[in-house]
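Written out below as structure tokens is the structure these notes cover.
The values are calculated or read from the model by the stated rules, or taken from the named source; none is laboratory data. Quick caveat: nothing in here was measured; it's all calculated off a predicted structure. In this analysis, Cβ positions are derived from the backbone assuming ideal geometry, glycine residues included, and neighbour counts consider all displayed protein chains.
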Amino acid sequence: MDAPPVDLAAAAVVAAGAQAEVWTGVMVGAPRPALAAAYLIGTLASAWHRIAPLGTLVVVLTALGVVPAFLGADSNSGFISFIAAFGVIVSAGYHARRPGVALAITLGLLAVAVVRETGLAVEDIAYAWLLSGSGWLGGRTIANRTLRAQLSEQRAALAEHDAQWRAATAVSEERLRIARELHDVIGHSISVMTMHAGGVRRLLRPDQIEERAALEAVEQTGREALAEVQRMLGVLRTSEADQPVPAAGLARVAELLEPARAGGIDAVLKVTGDIRPLPAGVDLAAYRIVQEAVTNVLRHAAASRVDCTVDYGPTAVELRVSDDGVGGAAVRPGGHGHVGIRERAALYRGTVDIGPRPAGGYAVHAVLPVPPPLDTRSLESSP
């Protein structure tokens with residue numbers, strides 16, 4: 001396996017420096033040709049320190065330490081060879097899959113070289129071991145820190161992936177819940193339309209054959225659509241918890257503040273504007289938005305007061321839920337309740353503004369467009 005170009009270039013530079021030390025007389029006490037050959041092998045072999053750390057360690061320490069000791073070279077006279085050997089020891093501590101084996105090889109070969117050069121001198125062996133051990137320990141320390149950094153990055157990536165998955169799941173669950181409720185609303189509306197069409201058909205004169213046929217077609221289409229909606233509801237409702245509940249709407253919004261009051265929170269409801277029945281879907285969406293906002297206050301806000309305002313405007317209904325809480329502001333923006341609020345508002349092309357208030361606390365502000373009411377008087381007066 002080829003060594004990286006950077007390591008090959010570094011090894012070539014170190015080899016040239018070691019050869020310069022040998023042939024200029026810096027290294028003394030050993031035959032130059034044999035010492036030059038050993039240094040050439042040892043320095044060039046250092047290029048493979050990343051790929052084969054244990055094999056490279058054996059070759060380098062043997063060629064730069066053990067062989068020169070047997071040749072009679074003075075280990076204190078070579079600087080380049082020391083740098084090469086020390087660098088390979090550090091690299092073995094970093095790259096070796098079995099760092100303990102690398103340390104044992106280092107201590108063993110250096111002990112052989114020291115004993116051959118100076119005899120069984122405990123202080124020299126201890127010094128060599130201390131120096132090489134510090135290099136190996138430095139490599140291990142760097143490796144451990146690198147591993148911890150990689151693990152931290154992986155954990156962060158997994159946490160981000162998990163958060164994205166949870167957010168996507170929350171969106172899917174909320175959309176399914178909205179779909180169930182919309183099916184209820186649509187089913188009811190189709191039933192009313194079909195019933196009215198049948199009532200009008202029964203009031204027709206016998207000679208109004210075309211009108212009767214058209215209304216019969218409307219009734220038949222309505223019944224088929226209602227049957228299909230009911231089949232879809234059977235698919236969407238898979239548990240008892242999904243069974244129909246009493247219709248929710250802004251007429252029952254005061255009930256949403258009762259849990260807050262039961263928890264000791266001063267809850268105030270203010271309804272302004274031209275109070276009137278809203279389209280069923282918009283009415284339900286507005287109710288759910290207030291419900292989610294109040295639930296967030298109870299869960300995260302640590303508030304003592306919550307204000308809920310419902311303003312019936314000419315073309316929109318405006319909802320505002322604010323609190324004076326001091327806690328949870330950093331967590332609430334990512335909450336799944338906000339997913340439901342945004343999804344419901346987007347369904348009716350509304351707008352949502354969620355965030356902390358300048359004076360403290362938190363606020364949810366939503367505006368849902370409301371279509372103008374149907375002018376039944378013009379229909380009644382038309383021929």
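Numerical summary
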{"read-out": "Verdict on G264 being of a type in the set (G, A, S), at pLDDT below 85, more than 30 Å from G313 (Cα to Cα) and assigned to a loop (DSSP other than H, G, I, E, B)", "value": "yes"}
{"read-out": "Scope region 358-368; condition on the phi < 0 side of the Ramachandran plot and surrounded by 14 or more Cβ atoms within 10 Å (Cβ to Cβ); matching residues", "value": "Y362, A363, V364, H365, A366, V367, L368"}
{"read-out": "Cβ pairs under 9 Å, 6+ apart, first in region 1-17 and of a type in the set (A, V, I, L, M, F, W, C), second in a loop (DSSP other than H, G, I, E, B) and surrounded by fewer than 18 Cβ atoms within 10 Å (Cβ to Cβ)", "value": "M1/I51; M1/A52; A3/R50; A3/I51; L8/D2"}
{"read-out": "L61 more than 19 Å from S134 (Cα to Cα) and not β-branched (V, I, T)", "value": "no"}
{"read-out": "Total residues in region 12-26, condition buried (at least 18 other Cβ atoms within 10 Å of the Cβ) and not in a helix (DSSP H, G or I)", "value": "0"}
{"read-out": "Selected residue (criterion: farthest from R252 (Cα to Cα)) from residues of region 276-324 that are of a type in the set (D, E) and either under 28 Å from the mean Cα position of the chain (by Cα) or in a strand (DSSP E or B) (or both)", "value": "D323"}
{"read-out": "Tally, over region 32-50, of residues that are over 10 Å from P68 (Cα atoms) and surrounded by fewer than 21 Cβ atoms within 10 Å (Cβ to Cβ)", "value": "7"}
{"read-out": "Residue in region 137-154 that is of a type outside the set (V, I, T) and in contact with a Phe, Trp or Tyr (Cβ under 6 Å, 6 or more places away or on another chain) present", "value": "yes"}
{"read-out": "Unique residue being loosely packed, with under 14 Cβ neighbours inside 10 Å, farther than 22 Å from R116 by Cβ and not aromatic (F, W, Y) when the list is A9, A3", "value": "A9"}
{"read-out": "Meets criteria (surrounded by fewer than 19 Cβ atoms within 10 Å (Cβ to Cβ), in contact with a Lys or Arg (Cβ under 9 Å, 6 or more places away or on another chain) and not in a helix (DSSP H, G or I)) for G29", "value": "no"}
